[in-house]
1. In region 77-92, what residues are more than 14 Å from L67 (Cβ to Cβ), within 23 Å of the chain's Cα centre (by Cα) and among the hydroxyl-bearing types (S, T, Y)?
2. Out of everything in region 43-76 that is over 17 Å from the mean Cα position of the chain (by Cα) and acidic (D, E), what residue ends up being surrounded by the most Cβ atoms within 10 Å (Cβ to Cβ)?
3. So, in region 26-42, of the ones that are under 18 Å from the mean Cα position of the chain (by Cα) and open to solvent by 90 Å² or more (accessible area, probe 1.4 Å), which residue ends up modelled with the highest pLDDT?
4. For region 1-25, enumerate the residues that are modelled with pLDDT of 85 or more and either of a type in the set (D, E, K, R) or open to solvent by less than 70 Å² (accessible area, probe 1.4 Å) (or both).
Amino acid sequence: PSPRSCQSNGANEEALRYEIEALKQKDLALDQEIAQLLSEGYSLEELEQHISLLHEYNDIKDAGQMLLGKLAVIRGVTTKQLYPEYDLELSD
């Protein structure tokens, strides 16, 4: 192996170590957050249901945004210009 490839491998290994450590920290933070919610009286089933509903909401919102985008293209306007017509807030 060339000196350059050895340096590259070392840098890649260091980047992977850093990424692993960051993921471990994120895992720990999530475990702590779950423990906090459980101590507040939430159940795992309730939390899983909430997450499932958030995913469903996001999927529906994405589909709505896609439809608004297609309608805006057809009408030759921006999506933002369609919001008042459908009583939508820009934060929606």
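The values are calculated or read from the model by the stated rules, or taken from the named source; none is laboratory data. Values in this document were obtained by computation on a predicted structure and should not be read as measured data. Heads up, the Cβs are rebuilt from the backbone with ideal geometry, glycines too, and the neighbour counts pull from every protein chain shown. Surface areas here come from the heavy atoms of the whole protein model, side chains and all, with no ligands, DNA or RNA. Shrake-Rupley method; radii C 1.70, N 1.55, O 1.52, S 1.80 Å.
1. Of everything in region 77-92, just one residue is more than 14 Å from L67 (Cβ to Cβ), within 23 Å of the chain's Cα centre (by Cα) and among the hydroxyl-bearing types (S, T, Y), namely S91.
2. E46
3. In this case the residue turns out to be K26.
4. Across region 1-25, the qualifying residues are E13, E14, A15, R17, E19, E21, A22, K24.
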